[in-house]
Amino acid sequence: MATAHGRANGANGLNGSEVSFPPARYSKVPPTITVAVAEVDGPIDVEIALDDDIQDDPTELCTLLENEHSAKSMWVTVAIAYAKHKKLDVAIEVLTKSNIVFARGRADDRLSILNGLCWLYLLKCREAPRMKIDGQVNPESRTKEFYIQAATSVLNDASRISPSYPPLFLARGVLYLLRSSLQAPSTSAGTNQMSSERMETLKQAAKCFEDALRTSGGKNLMAKMGKARVSYSMGKYAEALKAYQNVLESSPELIDPDPRIGIGCCFWQLGFKDDAAAAWQRSLDLNPTSKVALILMGVYNLHLTAQLPPSDPNFLSLVKKALTQYITPSFQQDNSYPLSCATLGGWYVVRKAFDNVEKLSRRAIELTDVGAVASDGWYQLARKEHHEDNTAKAIDYYTKADQARGGDDRGYIPAKFGSAQMRVLMQDYDGAKFRLEKILQQQPTLEAQILLGTLYAEDVFAAQASNSQEDKSGELKKALKYLEDVTKAWKDPKRNLSPDQSVLLNLARLYETDHPDKSLKCLEEVEQLELAAIPEDDYPEDIEDEGLLKDALRELLPPQLLNNMGCFQYQAGKYPEARLLFQTALNASVKASSRDDDEPIDTDALVTSISYNLGRTYEADNLLDDAKGVFEGLLNRQPGYIDARIRLAYIALRQSPNDAGPVAVSKLFKENDDNVEVRALYGWYISRSKKKTLSFAEDQEQRHYKHTLQKFDKHDRYSLTGMGNISLTIAREMRRDTEQDKEKRRKTYERAIEFFDKVLQLDPKNAYAAQGIAIALVEDKKDYNTALQIFTKVKETLKDYTVYMNLGHTFCEVKQYAKAIEHYEAALKQDKARDPTILACLGRVWLLRGKLEKSLPAMKTALEYSQQALGVAPDQIHFKFNVAFVQIQIAQLIHSLQDSQRTLDEVQAAAVGLEEAIESFSAIAKSPFPPFPKNDIEQRANMGRNTMRKQLERALQSQQKHEEQNATKLQTARELREAEMKKREEAKQKEAEAEKERKQKLIEERQRLQERDREYMERRAEEDRRRQELIDDTEMRRSERRANPKKGGKRKKKSEMDDSETEGGDSDGGERPRRRRTTASGTEGLTDEERPRTKKRKLERKNKEPVGKFKSAALIVDSDSEGEPDLPADERGADSGEEGVAAPRPRKAARVISEDEDDEEAGSPKAPNGADVAMDDEEEDE
């Protein structure tokens, strides 16, 4: 397009263009001017220099011009010369003087002067400071607002002379643009929201530019640029982009101002950063000294670095490119350009060169007319004061940076975040949270989420450290929400974010109580980050196995991390993994002590804690000798470490419960009777070895706990829980014969609940106390629903088999036997596979289920579990009683069943079990301590001998008779059943075969359809090929006709006529000859729809000469024409060179023309009498 205007697509003499468009600024100012001065001897010419030797004081020059009545153009030239030399105040003085001189002059002269004066004020406004800042060097300097007012006054004066003077429209539009830039931005939320005042000002600017375009006939480029700038200021970036592109299309040579800059800015705001950079780079190619294009390319390259981590190899290269190639050259060209100052100031903030930051930021704030640039300047000053711990100034500058972009619901997010950080430093945490939440309402910023989540997490940690009873569940939820959102953002590949260890560690602490598995996962992620950060120089040599390499690298990690991971593995019951982590942590502690780190660690304390954890892991994994060695080693290093002595005493108690164990525990208690942990162990030992009693006051364990609470720690939770358990045990064994006994028992349960409630007041998450309350509710109040809720919550915290046992008991009481069985079996899996109590409970619940459902298999399962319990503890007489009782119950059930519901073998087995039960009851009744009264047991044995034995004998006879009588029926039924099964199997097989056959048919049908489609496509391809050959043949013949046109009005007769060219009908006839349609080559066998056709259109007959491209009276005849039937009969055989050829007779038929030959008609001769001529080409016949 540019070459159509006579220039290459460049600008201002670039790329081969010799003409500068528009001309360079001040290019028309001559170096000197000549003024004719009247003298006595006649006028003389006085030469006045306008170059570098121009006078600083214009008074003498203005006096000369006034006295000699110089023309207006002379005054304007002098003023422009001063403006060229950056002496705007002198230029304004010159034009102000000329305005006075020409006060009574022509209106056009005055308007021209006022217009120039307005533009000088506008230029001065661009260079003036935005506001006066404390410490201003020149307190008399004028602000932008002053010059805007001055320009407004000048324009008003000009408007009084002629409000329709065209140059004023453009000046007024620019004035409104500058005024809008100084108006406060909107504080309401929204992408393109702005204040009503600013919107009205921009509308006025747009109207002025419209008027400028109207008066110039749409040719004023500056007005077009102004309209685009207004759209951009309004936030209508797509509309502004279109306007800038229109300017560029109409004037591609324009580079001052350059629409490419505006195009790039629009692309940037629309999110197309790379397209923006391409536009700016093109501007830079055309004008390498453009400070605007340079700084914008620098901003783009810095933007690219923001998407990369500092460790990326491209990071430094992009920073270096931005600084050396773009930002520094732009600043060198104009060190007062606000955007250059702000951008370079931001770099100095990163480099912590705060002296330069102060100077550049204040310059950017003073000189800019863009609120965003001023905001950047204030923000950089705030960062400087923040780094220097000047809290008050930092908050003030952060606030100003925010307000420069709108503040409140809009504003500058980094400035708001900085203000929140300052509130944190001032320990105004509520104020910081308030500001951070407002930031997240405006925009979900990752840094704000991290800080806000951390603040809420610190609230939770502080409450945990102080054992506060205040509910912090709300803070916990918020902390988890914000920090989890951060971890989700890390997984977004588009954001390219690096995980933060502090976030993961805070999450691990928050998850620790309720979700230890998630906490461990967070620590494992931290471990991976630490491993990835280890430099390759520290990798051990000669280790190729990945597992061994990881173990070796782990020893370079912080030992605290490994220790915490080991603790979570220990809680999860994964003792080998925990043991490995603790051992690695010990090695890491030793290596950490040998490194010269900036933060020294207490290696001795770390080794002590980790060694203790390792010993506890050995102990939990039943490696008691290894645990004992670890604890003894600890005591060798730390003789006063009481926790190690406690564990050694406990191990001795486990290994020698009757000899060395009690001695060790008693010795430990005597030496440390004031230690509550030792007293807790001694209380546990008493509970296992004491003599049971129903008197609370006489209980030895109770006296011990009471002494602990009274003398040492009245809030000792272990002692309080132990007192509650003692009350539960006593209440459970108390008599319930009379109302007085029941009341006494109820009060004992209430006392137990009081103890447990006190523990929960001290520790709301104490699972043992909660479980004790649930047990009391079940046994005393029969409140099963509440107890189930408590047990369920306790199960989530306390991983102990007793919880499953209590749940099984409760479900059994409410007759939910399936759930009871489920929980009993879960208790068995807690390393209690041979626990006789659990096995006995399972036998009981299966027995109850069998009695309820009258299920013999359930009874048999109950018998199996009861026998297993007896096998584990054969000396326990109550387990023997359980087996006998289940056998009696099976015998009773067998007797009650119908003959058809049992078998002879089952009756015989029940009889054998009954005999065993009778013998067992007899033996149990003779034992010294039977589980029930001796008479009751003997009665059961006698009932078995006398009644049930006879009942089973009769049942056995009845069953034998039943099976003998029904043997034939049973055999027949069995055969019928087998036949039915066989029939079903055959039907299923036939159905499978039918399905297989159906699938095979589908496959064959699909193959057939594919074959048919393939043949159709081949046939279609062949038809297309033939059509193309036909079209090519037609084009070739048409080319031949064009290459050999018919000269003059004569037609050449062909010696031979092709069938396709022969027309029927008599040449003498008056009617139109008919044309025979013949089959074209290669189209045999095709239908009418499939045969290729040439598009034709029917033209109406007109009586006047057509105007335009198509001439209806044109005659086109060539050697292949079919016009021969129109000749007289005696002329058909004549030579083609004869001139006596009769003209064709006019026809009334419509003319049919092929669209492909429209362009051939223009050169054809006219038919006589304006008649239409039929055009019969070979394409038409075909």
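The values are calculated or read from the model by the stated rules, or taken from the named source; none is laboratory data. What you are looking at is a predicted structure, and each value in this text was computed from that prediction instead of being measured. Note that we place each Cβ from the backbone using ideal geometry, even for glycine, and neighbour counts take in every protein chain shown. Side chains included, ligands, DNA and RNA excluded: accessible areas come from the protein's heavy atoms. Shrake-Rupley method; radii C 1.70, N 1.55, O 1.52, S 1.80 Å.
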- Measuring from centroid to centroid over Cα atoms, what is the spacing of segment 358-392 and segment 737-756 in Å? 75
- Task: Give the accessible area for D355 in Å² (nearest 10); use a 1.4 Å probe, count only protein heavy atoms, and leave out ligands, DNA and RNA.
- Result: 130
- Query: Rg/Rh for segment 690-797: what does it come to with C-alpha atoms and Rh from Kirkwood?
  - Reply: 0.98
- Note on the structure: Across 5 Å bins beginning at 0, the whole-percent shares of Cα-Cα pair distances in segment 868-1009 come to 2, 9, 13, 12, 10, 8, 7, 6, 6, 6, 5, 4, 4, 3, 3, 2, 1, 1, 0
- Quick one: net charge around D56, please, counting Lys, Arg +1 and Asp, Glu -1 for every other residue with C-beta under 15 Å from its C-beta. -4
- Note on the structure: Phi angles of segment 925-930, converted by Karplus (6.51 cos²θ - 1.76 cosθ + 1.60, θ = phi - 60°) into ³J(HN,Hα) in whole Hz with x for Gly and Pro, give 5, 8, 6, x, 10, x
- Euclidean distance between Cα centres, segment 222-276 to segment 889-962, Å: 103
- Do any GluC sites (Glu not before Pro) in segment 515-609 lie in a loop, going by DSSP, with at most 13 other beta-carbon atoms within 10 Å of their beta carbon, and if so which? E541, E544
- Query: Given the protein chains as shown and a 1.4 Å probe, how many square angstrom of D1033 are accessible, to the nearest 10?
  - Reply: 60
- Task: At most 15 other Cβ atoms within 10 Å and a DSSP loop assignment: could you name the trypsin sites (Lys or Arg not before Pro) in segment 284-366 that fit?
- Result: K352
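Under 10 Å from the Cβ of F811, count the other residues' Cβ atoms, weight Lys and Arg +1, Asp and Glu -1, and hand me the total.
0
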- Task: Pop a pseudo-label 7 angstrom from the Cα along the beta-carbon direction at both N966 and I44 and give the gap in nm to one decimal.
- Result: 15.3
- Task: Give me the number: length gained by fully extending Q325 to E1011, i.e. 0.36 nm times residue separation minus the C-alpha to C-alpha distance, one decimal in nm.
- Result: 240.4 nm
- Note on the structure: For segment 690-797, the charge dipole (Cβ of Lys, Arg +1; Cβ of Asp, Glu -1; about the Cα centre) points to a positive end, and the Cα of L760, Q789, Q700 closest to that extreme belongs to Q700
- Note on the structure: Computed over segment 799-855, the distribution of all Cα-Cα distances in 10 Å bins, rounded to whole %, is 28, 55, 16, 1
- Note on the structure: Count of lysine pairs, segment 799-855, Cα-Cα under 18 Å, sep. 8 or more residues or interchain, comes to 6
- Message: Can you give me the % of accessible surface on segment 274-422 that is carbon or sulfur? Probe 1.4 Å, all protein chains present, nothing else counted.
- Response: 51
- Two-site label geometry, S666 and F932: point separation in nm, points 7 Å out along Cα→Cβ: 4.2
- Which ³J(HN,Hα) values in Hz, rounded to whole numbers, follow from the phi angles of segment 247-256 under the Karplus curve 6.51 cos²θ - 1.76 cosθ + 1.60, where θ = phi - 60° and Gly and Pro get x? 4, 5, 5, 7, 9, x, 7, 6, 10, 9
- Message: For a quick check of your reading of the filter: which GluC sites (Glu not before Pro) in segment 447-478 sit in a DSSP loop and have no more than 11 other Cβ atoms within 10 Å?
- Response: E470
- Message: Can you tell me the length gained on complete extension of the stretch A572 to A605, counting 0.36 nm per residue apart and subtracting the Cα distance?
- Response: 9.4 nm
- Hey, can you rank 834-844, 584-594, 851-861 by average C-beta count inside 10 Å, highest first? 834-844, 584-594, 851-861
- Pull up all non-local amide H partners of A36: gap of 5 or more, or a different chain, and H-to-H distance under 5 Å with H placed in the peptide plane. V46
